[in-house]
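Let me begin by handing over the structure; questions about it come next.
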Amino acid sequence: MKLDDPMPKPPVIPGPAPKILLIRAPYYGGIVDGMTSAAKQVLEAAHASVESIEVAGAYELPQALRLCVKAPQKYDGFIALGCVVRGETDHYEFICSATMDGLMNVALQHALCLGTAVLTVDNLMQAQVRSHETGHNKGAEAAIACLKQIVIARQMASA
């Protein structure tokens, strides 16, 4: 996807409109807001209902996902949004690894439809390019990924 590419189109989703939960880690607010906006555009085009919650940082995303899975409110899919910028210490490596591994572990353990846009970048310029309001936006890509997983889950449920 290039910077000037159009917003991706969502897949056709069988059955009722999906319910999606966005889990946002707005430590870098402008970056996460840009990804949120693009994700919501894709979800709106798919007629999905969307709710969102916020956590302190990327490290808390897997924990929040696990808490939401255990809650009585049920969702068809989840989208995790965040950004980690490399600093001068090893902290970056630990946070990125724990966050991504944690999200995948929860998704696999609970068979979740999860789209992930946790940017792991060297600098804010890289994050801005990936969270721009139009074109190349990882939030839109995460929404598409989540919706495609929902399509698969529904197809397998009716097979």
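Every number in this text was worked out from the coordinates using simple rules, so none of it is lab data. Keep in mind it's a predicted model, so treat the numbers as computed, not measured. In this analysis, Cβ positions are derived from the backbone assuming ideal geometry, glycine residues included, and neighbour counts consider all displayed protein chains.
Longer than 22 Å from Cα to Cα, which of LYS19/LYS70; LYS9/LYS70; LYS40/LYS70; LYS9/LYS74; LYS70/LYS138 are they? Say none if no pair is.
LYS9/LYS70; LYS40/LYS70; LYS9/LYS74; LYS70/LYS138
Taking H as built 1.01 Å from N, whose amide H comes closer than 5 Å to the amide H of VAL84, not counting residues under 5 places away?
Counting only residues 5 or more places away or on other chains, the set is LEU119, THR120, VAL121.
For VAL129 and LEU108, what does the FRET efficiency come to when R0 = 41 Å and r is the distance between their Cβ atoms, rounded to the nearest 0.05?
Here the calculated transfer efficiency is 0.85.
Residue separation times 0.36 nm, minus the C-alpha to C-alpha distance between MET156 and ALA17: what's the value?
48.3 nm
Where the only charges are on Cβ atoms (+1 Lys, Arg; -1 Asp, Glu), what is the dipole of segment 1-148 about its Cα centre, to the nearest 20 debye?
500
Be a star and scan segment 97-117 for residues whose amide nitrogen sits under 12 Å from the point 7 Å along the Cα-to-Cβ vector of SER49.
No residue qualifies, since no backbone N sits under 12 Å from the label point.
Calculate the FRET efficiency for THR89 and LEU67 from the Cβ-Cβ distance with a Förster distance of 30 Å, rounded to the nearest 0.05.
FRET efficiency, THR89 to LEU67: 0.60.
Something else about it: Expressed in nm², what is the orientationally averaged projection area of the convex hull enclosing the Cα positions of segment 19-157?
In nm², the orientation-averaged hull projection of segment 19-157 is 7.9.
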